[in-house]
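This report concerns only the one structure given below.
The values are calculated or read from the model by the stated rules, or taken from the named source; none is laboratory data. Note that the structure is predicted; figures quoted are calculated from it, not measured. Note that we place each Cβ from the backbone using ideal geometry, even for glycine, and neighbour counts take in every protein chain shown. Please note that ligands, DNA and RNA were not included when accessible areas were found on the heavy atoms of the full protein model with its side chains. Shrake-Rupley method; radii C 1.70, N 1.55, O 1.52, S 1.80 Å.
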Amino acid sequence: MKFLPFLFFTLFSFTLWADPAFEQGRSLYDQGEFEQALESYLQIPGFSANLDYNRANTLMRLGRTPEALAYYRRALWQKSSDPDIRANLQRASTQLEIILPPLPLYRRMAGFMTTKQWQWTLIISCWIFAGFGMLQYRIPQFKTAAAWVFPLAGLLILSSIAGTWATLPAHWTKEAIVMPEHVTARFEPLPDATEHFSIPQGTLVILGEKSRNWVRIRSGENQGWIPSDSVISLESL
Amino acid sequence: MNVKVYRPLLIFVFLFANLLRAEVHMDLSKSSISVDDTVELILSYKDNGFPRPPSLPLPDGLRELGNSNQQITINGHTEYTVRYILKASAPGSYTIGPYKLKTTQGDQNLDAITLTVTPAKVLEADENLFVTLESSSSEVLVRETIELTLSFYTRINIGNINLIESPREGYELSDWREIQSGTRNIQGKNYRVNQFLARLTPTKTGTIELNPIFNVSVIQRGSSYDALFGNRSSENVRVQLPEPLKIKVNAPPTEGQPEDYSGHLGDFSLNASASPREVNVGDPITLRVELSGRGSLQQALPPGLKESENFKVYQPRLINEEMRNDGLSGRKIIEQVIIPKHAGVSKIPSLEFSYYDTETKKYKTIQTPPFAITVTGENKEETPSTFSSLNFSPEPLETELLGDDLLYLKTQPTPTHTLKQLQPGWTLIGLSGLPFLTWAFSGLLMRKREQSVKDPHAQRRQQAPKRLRKHLAKLDHADDDIYRVIWEILSEYLSARLSLPPGELNLSDVSEKLPTTVNTAQKQALENWMQRCDLARFAGTSSTETQADTRKEFRGFILKLDRELGR
């Protein structure tokens, strides 16, 4: 049982972690040096909800709203319960006069924890379940409690599996934001192909197959081909 | 000397000398002016470049209103003339210069000149020029806006009329706007009338004394020749009211004053909307509030929702402001993002705005209806709000719109990941599966232990090798009756190992129970040892040297038998 405090410590002690570039970015942001602040934030490898949020704020200050929108969207996928992310995301989308679709219900339900937290919860719940099973051999009283502990621990495991699945990055890696003011989607991946529909800047699209420098996108019920460089995918941020 | 040869040389020398020549001159259009009058400072110089008008430092009391630049090129050289318009704000004698002007030909000295400024001529009101000032009301309330009408009656030609700014204490005054000009006959005399309008808003109680002073340009009559060619001279004079206009400023009545009254006057209406109405905990709702009407709208803002236990609020944002030309009526719209803090919040409370109706002389409180909302989802731990609502100060004139902006950066970093790290991998599967494997393994051990407790023969069988080695240690200390000890060891070991009743060991039972893993030679050896033990009961023990060999031999035999039985 001594490992449990260690696991909880690992799980909830994220605030102890710090990259000097993170603090440097904030300092530069406070001084109004947004370009340098962005550089600081971008030099931190990987992503997290807070880091993407700060990157997006800096991009907003630089007037690069579509990119900021993409970062806010990715931050929201990682921490959908954060009201700050949602407020600034709404502000960015209002600025571009677009409406972003909300996250799926399953993601919003699992939004109070991040992917890693769900994975750790799954591991811990497995240890609780099996640990209780092991202890009942030695402590007879545990056998009487098994009637409710096992169903509860089993439910916790199932919930953790569902939460882990709901927060998998695979759900958002296909999302992308339109960069130019307007993009025309065509029926075929050719510049002179028949125009199908037009989408404004900041619109959220779902990426599909690629063909040369064209990508098939889905926007609502419409599907069409647009140049690859006219969208910024959440995966490539 | 041939002149034809030297002519080009002479022309060159002449032109070069002309280029080197730089003349500088500075003068005033008038040597004496009155306060608030203007004078031209004319600076002329020759230069070959394209100089910018030089900046001339002026003594205190004189200021430059602007300048104009002119250039004339004659015979290959350019003469520049710069006219600076100077204005004097106080009487006195001013020395302008000396200056050192830097040109392409070198530094040029400019001598100082003197300007005399006399006190402004105050024109007493007479039948040829007088001013009236009227207010729409002689008694007003604080923050109630009234109109002032200023009329110039003249029978002489006047030019520009400029208000001389004076400190404004206790009131705000808009710019004067000319609303009408024409002629009017008063007591048989025709006057030219210029009417101006301004709005006055008192900011504190008391009496306001208005005595505006105007600087009027009076055009002098000249000869008909001058008038024909526009050469008319003018003189600036100060014109003011014979006596100041007094306006009494009262505070709104305290009787019936609502608690949230913040000093607004007029007649207003309030509208609001909220969307969406069905949200999860933590989802934003946009509240839109419109305040319209007539009165102190310029200083007013639509009310916003304040922080409460049910809602986290963000600062309101003014999204629309439409004021009519009168500056009193129009509408203002704010948007505010509010976030329900927990499930079960059923409504957005109504918003109130109180004002004093100057028509009915009564206080009124208008409010929006409460909006029914549905909030679902799990309750979140409340975090201290760092977002200030609009501070609706009781002093509306000092109210500032806080504006709208991004919420600040996250100050605490969280661990970063790559896409690969977030994918469930063998680490997750291993760490999740390990407890179940451990459980299964410990379960097997426990089951085995339980089985041994239930079956004493099996327990004896399992413990036989261990006990054998313990008893072999006794054998080393048996000095006299060694075969008795060997028999005891054999008896206990074989009965435990072969599940035979203790104490009744015989050769036939042992031979029957021995498994096939024990070879024939080992069976034969066992029979020999059992027979030797039987014989030793009657024949007695051997010598000490023989006993040592016997111990060694038996030890080798029994350990080999144990190994074969354990297969």
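I'd like to verify a number: residues in region B:232-272 that are among the acidic types (Asp, Glu) and within 47 Å of the chain's Cα centre (by Cα), how many?
4
Can you report the number of residues in region B:138-151 which are more than 44 Å from the chain's Cα centre (by Cα) and in contact (Cβ under 8 Å) with a residue 60 or more places away in the chain?
The qualifying residues number 3.
Would you call residue A:107 open to solvent by less than 10 Å² (accessible area, probe 1.4 Å) and at pLDDT below 90?
Against the criterion (open to solvent by less than 10 Å² (accessible area, probe 1.4 Å) and at pLDDT below 90), residue A:107 qualifies.
Please work out if residue B:555 is surrounded by 11 or more Cβ atoms within 10 Å (Cβ to Cβ), modelled with pLDDT of 85 or more, of a type in the set (Lys, Arg) and under 16 Å from residue B:486 (Cα atoms).
yes
Confirm whether residue A:99 is under 30 Å from residue B:342 (Cα atoms) and free of Cβ contacts under 8 Å to residues at least 12 places away in the same chain.
Yes; evaluated as a whole, the condition is true for this residue.
In region A:89-117, which residue that is in a loop (DSSP other than H, G, I, E, B), out of contact with any Lys or Arg (no Cβ under 8 Å at 6 or more places or on another chain) and not small (Gly, Ala, Ser) is farthest from residue A:182 (Cα to Cα)?
Among residues in region A:89-117 that are in a loop (DSSP other than H, G, I, E, B), out of contact with any Lys or Arg (no Cβ under 8 Å at 6 or more places or on another chain) and not small (Gly, Ala, Ser), the one farthest from residue A:182 (Cα to Cα) is A:113.
I'm trying to understand the selection: among the residues of region B:320-342, which are among the hydrophobic types (A, V, I, L, M, F, W, C) and either open to solvent by less than 30 Å² (accessible area, probe 1.4 Å) or at pLDDT below 80 (or both)?
Of everything in region B:320-342, those that are among the hydrophobic types (A, V, I, L, M, F, W, C) and either open to solvent by less than 30 Å² (accessible area, probe 1.4 Å) or at pLDDT below 80 (or both) turn out to be B:328, B:333, B:334, B:338, B:339.
Condition check: away from chain B (no Cβ under 12 Å), aromatic (Phe, Trp, Tyr) and part of a helix (DSSP H, G or I). Does residue A:148 satisfy that?
yes
Among the residues of region A:53-88, write down those that are in a helix (DSSP H, G or I) and hydrophobic (A, V, I, L, M, F, W, C).
A:56, A:59, A:60, A:68, A:69, A:70, A:75, A:76, A:77, A:85, A:87 - these are the residues of region A:53-88 that are in a helix (DSSP H, G or I) and hydrophobic (A, V, I, L, M, F, W, C).
Before we move on, is residue B:86 at pLDDT 75 or above, surrounded by 14 or more Cβ atoms within 10 Å (Cβ to Cβ), out of contact with any strand residue (DSSP E or B) (no Cβ under 6 Å at 6 or more places or on another chain) and not assigned by TED's automatic domain parsing to the domain that holds residue B:209?
For residue B:86, the condition - at pLDDT 75 or above, surrounded by 14 or more Cβ atoms within 10 Å (Cβ to Cβ), out of contact with any strand residue (DSSP E or B) (no Cβ under 6 Å at 6 or more places or on another chain) and not assigned by TED's automatic domain parsing to the domain that holds residue B:209 - is not met.
Taking region A:30-52, which residues are within 11 Å of chain B (Cβ to nearest Cβ), among the small types (Gly, Ala, Ser) and either closer than 19 Å to residue A:77 by Cβ or not in a helix (DSSP H, G or I) (or both)?
A:46, A:48, A:49, listed by residue number.
Quick one: which of A:92, A:21 is more than 20 Å from residue A:167 (Cβ to Cβ), open to solvent by less than 20 Å² (accessible area, probe 1.4 Å) and at pLDDT below 90?
A:21
What number of residues within region B:187-206 are over 43 Å from the mean Cα position of the chain (by Cα) and open to solvent by 50 Å² or more (accessible area, probe 1.4 Å)?
Matching residues across region B:187-206 total 5.
Please work out if residue B:291 is modelled with pLDDT of 85 or more, more than 14 Å from residue B:337 (Cβ to Cβ) and surrounded by 20 or more Cβ atoms within 10 Å (Cβ to Cβ).
So residue B:291 fits the description; yes.
Could you run through region A:58-88 and say how many residues are over 16 Å from the mean Cα position of the chain (by Cα), within 9 Å of chain B (Cβ to nearest Cβ) and of a type outside the set (A, V, I, L, M, F, W, C)?
The qualifying residues number 2.
Name the single residue that is nearest to residue B:265 (Cα to Cα) among those in region B:152-173 being open to solvent by less than 40 Å² (accessible area, probe 1.4 Å) and within 48 Å of the chain's Cα centre (by Cα).
B:171
Count, please, the residues in region B:425-449 that happen to be at pLDDT below 85 and within 9 Å of chain A (Cβ to nearest Cβ).
Going through region B:425-449 one residue at a time, the tally reaches 1.
Only one residue in A:153, A:162, A:193, A:185 is out of contact with any helix residue (DSSP H, G or I) (no Cβ under 9 Å at 6 or more places or on another chain) and not in a loop (DSSP other than H, G, I, E, B). Which one?
Only one candidate passes the filter, namely A:185.
Give the residue that is farthest from the chain's Cα centre (by Cα), with candidates limited to residues of region B:322-378 that are within 14 Å of chain A (Cβ to nearest Cβ), farther than 14 Å from residue B:303 by Cβ and among the charged types (D, E, K, R).
B:378
What number of residues in region B:311-356 are over 19 Å from residue B:277 (Cβ atoms), not in a strand (DSSP E or B) and not small (Gly, Ala, Ser)?
Matching residues across region B:311-356 total 6.
With the checklist (1) open to solvent by less than 60 Å² (accessible area, probe 1.4 Å); (2) in contact with a helix residue (DSSP H, G or I) (Cβ under 6 Å, 6 or more places away or on another chain) in hand, flag the one item residue A:61 doesn't pass.
Going through (1) open to solvent by less than 60 Å² (accessible area, probe 1.4 Å); (2) in contact with a helix residue (DSSP H, G or I) (Cβ under 6 Å, 6 or more places away or on another chain) one by one, residue A:61 breaks only (1).
Can you go through A:162, A:153, A:166 and tell me which one is over 28 Å from residue A:52 (Cβ atoms), open to solvent by less than 70 Å² (accessible area, probe 1.4 Å) and of a type in the set (A, V, I, L, M)?
Of the residues listed, the single one that is over 28 Å from residue A:52 (Cβ atoms), open to solvent by less than 70 Å² (accessible area, probe 1.4 Å) and of a type in the set (A, V, I, L, M) is A:153.
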